[in-house]
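Asker: Please see the structure below; I have some questions.
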Amino acid sequence: MAASTNPHLQITDVTKNFGPQEVLKGVNLSVSKGGTTAIVGPSGSGKTTLLRLIAGFEHPLAGSIALNGTTVAGDGIRVPAHKRHIGYVAQDGALFPHLTVGQNIAFGLDTAKLAGGRRAVAGRVSDLLEMVSLDPAMAKRRPHQLSGGQQQRVALARALAREPELMLLDEPFSALDAGLRVATRRAVAKVLADAGVTTILVTHDQAEALSFADQVAVMRGGRLAQIGNPFVVYTRPADRATAEFLGDAV
Ligand code: ADP
């Protein structure tokens with residue numbers, strides 16, 4: 001599954017520097033439509049930077065990124081983030097604390113496209129809350145009145161509001177305790193699979209990578225050290241450093 005004839009996402013020889021620091025040193029990655037890729041690797045290896053480049057929040061120094069065969073970054077092209085049909089959920093969910101849950105989700109809606117005014121917005125917010133297994137009555141609450149798991153689900157609902165074709169999840173469950181993490185992961189996986197959304201997930205959690213992904217990419221020092229199906233990556237690591245990292249990550 002490392003290469004695909006018609007990938008949703010194709011990253012080719014991407015490099016990225018922050019000042020003198022080479023953070024990405026030539027990354028190649030292909031993700032098929034509707035597939036789920038887990039990116040694992042030590043802290044500081046460039047995982048978040050890679051997601052931010054895909055989302056369009058940062059731009060590569062060299063190389064290119066294509067979505068559905070169209071270049072969105074590189075070769076002098078910079079398609080802005082809001083035109084990439086990508087959802088992004090950061091590690092902390094990053095909800096707006098001064099807005100209600102409903103307003104947070106409505107923020108993600110393209111209200112110009114939604115006929116029917118406020119009632120239509122409220123209806124769509126309710127649908128999105130139900131989609132992530134939350135009570136629509138929660139729309140009136142503020143983020144601080146929700147548990148960590150509930151906040152993550154609201155962040156996901158807000159990202160889903162834009163009907164993304166590709167969802168980027170940056171360690172979305174890491175702040176949750178073990179029981180809640182499994183339940184939230186299952187709920188999220190189902191929502192994304194039902195909607196046919198291509199997903200890239202950064203995670204430290206081996207069980208998460210094994211249960212969530214059809215492809216695991218191991219990142220180390222700004223490069224992808226190994227890409228393959230989860231079983232192969234975990235049972236046959238490409239080299240000793242990968243084996244040690246995966247062993248530590250259990
Ligand atoms: P990971 O997600 O694997 O922990 P990151 O992509 O967050 O790795 O970071 C990779 C490296 O890039 C780190 O050394 C980090 O300090 C650096 N870095 C990330 N973002 C910036 C930035 N905006 N400015 C400068 N350095 C950054």
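Laboratory data are not the source of any read-out in this text; all were calculated from the coordinates shown. None of these values were measured; they are calculated from a predicted model. Positions of Cβ are generated from backbone atoms using ideal geometry, with glycine treated the same way; all protein chains shown enter the neighbour counts.
Asker: Report the full-extension gain for the segment ALA81 to SER133: residue separation times 0.36 nm, less the Cα-Cα distance, to one decimal in nm.
Answerer: Using 0.36 nm per residue and subtracting the Cα-Cα distance, I get 15.9 nm.
Asker: Same structure, new question: Given +1 on the Cβ of Lys and Arg, -1 on the Cβ of Asp and Glu, and no further charges, what dipole in debye does the stretch 1-97 carry about its Cα centre, rounded to the nearest 20?
Answerer: 160
Asker: On to the next question. Got a sec? Charge dipole of the stretch 91-198, +1 on Cβ for Lys and Arg, -1 for Asp and Glu; which of GLN152, MET138, VAL188 is way out at the positive end?
Answerer: MET138
Asker: Using the structure shown, select from LYS47/LYS140; LYS33/LYS140; LYS140/LYS190; LYS47/LYS83 the pairs with a Cα to Cα distance greater than 32 angstrom.
Answerer: Beyond 32 Å between Cα atoms: LYS47/LYS140; LYS33/LYS140.
Asker: Tell me, rounded to the nearest percent, the portion of alpha carbon pairs in the chain spaced more than 23 Å apart.
Answerer: For the chain, the share of Cα pairs beyond 23 Å comes to 51 percent.
Asker: What full-extension length gain, to one decimal in nm, is calculated for PHE107 and HIS204 as 0.36 nm per residue of separation minus the Cα-Cα distance?
Answerer: Using 0.36 nm per residue and subtracting the Cα-Cα distance, I get 32.0 nm.
Asker: Taking the DSSP beta bridges in the chain as the whole, what percent of them are antiparallel, to the nearest 5?
Answerer: For the chain, the DSSP antiparallel bridge percentage is about 60.
Asker: Quick check on the chain: helices-only [θ] at 222 nm, where DSSP H runs of length 4 and up contribute -39,500 (n - 2.57) each and the sum goes over total residues. Nearest 500, please.
Answerer: Only helices count here, giving -10000 deg cm²/dmol.
Asker: For a quick check, take a GNM of the chain with Cα springs below 10 Å and name the residue from SER174, SER30, SER147 with the largest mean-square fluctuation.
Answerer: The residue with the greatest mean-square fluctuation here is SER147.
Asker: Further, regarding this structure: How big is the dipole moment of the chain about its Cα centre under a simple scheme where the beta carbon of each Lys and Arg is +1, that of each Asp and Glu is -1, and everything else is neutral? Debye, nearest 20, please.
Answerer: That gives a dipole near 620 debye.
Asker: While we're looking at this one, here's another question. For the stretch 170-250, what is one quarter of the convex hull surface built on the Cα atoms, given in nm²?
Answerer: If I average the Cα hull's projected area over directions, I get 5.5 nm².
Asker: Report D for the stretch 34-96 in µm² per second (integer): Stokes-Einstein, Kirkwood Rh on Cα pairs, 10 °C, 1.306 mPa s.
Answerer: Estimated via Stokes-Einstein, D reaches 122 µm²/s.
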